[in-house]
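Heads up: the structure comes next, in structure tokens.
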Amino acid sequence: MSENTAGPAPGTPAIELRGVSKTFGDGERAVHAVDDVSLTIRAGEIFGVIGYSGAGKSTLVRLVNALETVTAGSVVVEGTDLTGLPERRLRGVRARIGMIFQQFNLLTSRTVAGNVAYPLKVARWSKEERTARVAELLDFVGLADKAKAYPRQLSGGQKQRVGIARALATSPTILLADEATSALDPETTRDVLALLRRVNAELGLTIVVITHEMDVVRSLCDRVAVMEHGKVVEVGDVYDVFSAPSADAAQRFVGTSMHDRPSPDALARLRERHPGRLVTVGVREGASSGTELFRLLREHEVDGSVVFGGISEVGQRPFGSITVELVAPDERIATFLAALREHADVVDLGTAARPVDDPRALRAASDPQGERPGPDDDGPGDLYGTARDDVIRDGNLRNFGGA
Amino acid sequence: MNRDWSTLWPLLWEAFGQTLQMVTIALLTGGIAGLALGLALYVTRPGNLLANKAVFGVLNVVVNIVRPIPFIIFVTLLGPVTLQVVGTTLGTEAFIFPLSVMTAFGTSRIVEQNLVGIDPGVVEAARAMGASSWRIITTVLVPEALAPLILGYTFLFIAVLDMSAIAGLIGGGGLGDFALRYGYQRYNWMVVLVTVAVIIVIVQVVQWLGNLLARKVLHR
């Protein structure tokens, strides 16, 4: 497929949001869909915006292509400040930004080729140019044989590929994907994500991905912003957000995608089967935790068996953790853990007799409102509840003889 | 009886022609004006493409005022305007004017209702591609709603045919007038039945055509 028109050099700002707010309605009924958001999205990156429904992420992305206009702040797209531009100019900006949708939004009255040709008609391409371009695009998305089909004859994945072809038609430099895989089954989702990755790698488009699925962020995005109640509560490299999420919402989203750490229920079952000391060891790219774990087990003569865990990829880099049961006298375990902590992120879960909870597993399991389980919840031990935070902080020192 | 029908057939044929003329012209002029009015109602509705509270409010109220007026009263109410526009208040031409006006108002609601069914996402997609409002109206709204619009116009044809039955009130002729004058008033029920049969055949043919067309353009 032909090269896109030159966008800004990779790494330079493609989209800048400066103190952007969007309020719907006024007075008592005003809804602050987007509330004072500042973000810079770099040219050539795949940027994720994740949040629960109603977090304001869909409104945010519509501010970028001026389907909505800001209430306050400014939106700068490739150097053009959209604030206050007349509708005519905004139409020009929109035509340079592709967009795909959760429900695909194909024109049911037109064929696949007709749908892909539509933006080219808007851009006043000649019929010959349109025909050639449509063929090229359908080839790119692998639907050359469906040119004459109508959308209703296609599967969800095919419809979204038509949507992508249509969004790419006028060679935009930016692609906005609004929950583009949320209506698709897991396998089709993988295909569409792979296609988006190709769009980014081969055509160099900057892609902004709106989603509520952390798996999409994990497998596709370079950087991510976590939104809650109209605000960006966390932003950073996907890997960093996964390995050290700080905002509550970020921790919950990571918990929905990574299942390597035992949930409280799973932990309770583990403790029934494995009465010894349980620790969760984080595995990171570059860190030597994997090899060090086994070397130190030998060195300190601690018996270790893997009882839970998972290591997969975040942003195509290894990430995860394993939970091991340690069997040895308390003092040996303590010195072993002290040595291991120099190489890896270790969470001590205690023993079946003296349990300690994993703070991250608990956050991930709690509900979207961030309410933690109260004292009445039937936890695995009597330390559950109000005293829990103290236990986590002091647990290793006080209960297990120092680290 | 036979002698009766030899004079009646030409009269029926003439009435048929008058009805066809009235309905066709009313549907063309009123149908197009109603399409415009219906589109205006739809796009100015709050939250839509060209949302405009004032314009929508005025159009909505006007349509709501005109539509419930019984047509037989509307024809006489509109008399002075008809006189200005057509030059007379009698005859087929004079009847076509109020018929077209009422058709326009009736069409507007049917058009609006059919447009409401369009997925707003499709309109948003077109906006995202940089399409102007006018382009969206002509290349998205109308084509996407074409099948229900065709069925709506089929329905309208029958409603207009119904309204045209009272053309005789101002000397407009037509099938309704024929049935009343030569059938009802002369106690010739056969004439009424034959006229009704003709009307039923017209309705059947138009409905069949409408269904056929709607199915042809429906790709969903």
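The values are calculated or read from the model by the stated rules, or taken from the named source; none is laboratory data. None of the values given here were measured: they were computed from a predicted structure. Backbone-built Cβ (ideal geometry, glycine too); neighbour counts: all protein chains shown. Heavy atoms of the whole protein, side chains included, go into the accessibility calculation; ligands, DNA and RNA do not. Shrake-Rupley method; radii C 1.70, N 1.55, O 1.52, S 1.80 Å.
Within the stretch B:106-134, the set of residues being at the interface with chain A (Cβ under 9 Å from one of its Cβ atoms) and of a type in the set (A, V, I, L, M, F, W, C) comprises B:VAL122, B:VAL123, B:ALA125, B:ALA126, B:ALA128, B:MET129, B:ALA131. The helices (runs of 4 or more DSSP H) falling completely within the stretch A:98-187 that include 3 or more residues that are farther than 16 Å from B:ALA126 by Cβ map to A:127-140, A:156-168. Has the stretch B:61-69 got at least one residue that is in a helix (DSSP H, G or I) and open to solvent by less than 40 Å² (accessible area, probe 1.4 Å)? Yes, there is a match, as at least one residue in the stretch B:61-69 is in a helix (DSSP H, G or I) and open to solvent by less than 40 Å² (accessible area, probe 1.4 Å).
What is the residue count in the stretch B:75-98 for residues that are open to solvent by 40 Å² or more (accessible area, probe 1.4 Å), assigned to a loop (DSSP other than H, G, I, E, B), of a type outside the set (Ser, Thr, Tyr) and without any contact (Cβ under 8 Å) to a residue 24 or more places away in the chain? Count: 1. Take A:SER263 and tell me if it is open to solvent by 20 Å² or more (accessible area, probe 1.4 Å), more than 27 Å from A:LEU326 (Cα to Cα) and polar (S, T, N, Q). No; evaluated as a whole, the condition is false for this residue.
Taken over the stretch A:9-30, the criterion of being modelled with pLDDT under 85 and open to solvent by less than 50 Å² (accessible area, probe 1.4 Å) is satisfied by A:GLY11 alone.
Of all residues in the stretch A:266-300, those being open to solvent by 60 Å² or more (accessible area, probe 1.4 Å) and modelled with pLDDT of 85 or more number 8. Under the condition of being among the acidic types (Asp, Glu) and either away from chain A (no Cβ under 12 Å) or in contact (Cβ under 8 Å) with a residue 60 or more places away in the chain (or both), the residues counted in the stretch B:135-176 number 1. Would you confirm, using the coordinates I've provided, whether B:VAL101 is farther than 16 Å from B:SER164 by Cβ and in a helix (DSSP H, G or I)? Considered against the rule, which asks whether it is farther than 16 Å from B:SER164 by Cβ and in a helix (DSSP H, G or I), B:VAL101 comes out as no.
Taking the conditions (1) within 14 Å of chain B (Cβ to nearest Cβ); (2) open to solvent by 50 Å² or more (accessible area, probe 1.4 Å) in turn, A:ASP145 satisfies each one other than (1). The residues in the stretch A:222-243 that are β-branched (Val, Ile, Thr) and not in a strand (DSSP E or B) can be counted, and the count is 2. Residues in the stretch B:9-30 that are more than 14 Å from B:GLY173 (Cβ to Cβ) and not β-branched (Val, Ile, Thr) were compared, and the one that is most open to solvent (accessible area, probe 1.4 Å) is B:TRP9. Criterion applied to A:GLY48, A:GLY44 was being in contact with a Ser or Thr (Cβ under 7 Å, 6 or more places away or on another chain), closer than 24 Å to A:GLY315 by Cβ and open to solvent by less than 10 Å² (accessible area, probe 1.4 Å), and the one residue passing it is A:GLY48. Taking the criterion of being open to solvent by less than 10 Å² (accessible area, probe 1.4 Å) and of a type outside the set (S, T, N, Q), the residues of the stretch A:196-219 that qualify are A:LEU196, A:VAL199, A:LEU205, A:ILE207, A:VAL208, A:VAL209, A:ILE210, A:MET214, A:VAL216, A:VAL217.
Among the residues of the stretch A:67-81, is there at least one that is among the charged types (D, E, K, R), more than 9 Å from chain B (Cβ to nearest Cβ) and assigned to a helix (DSSP H, G or I)? No: zero hits.
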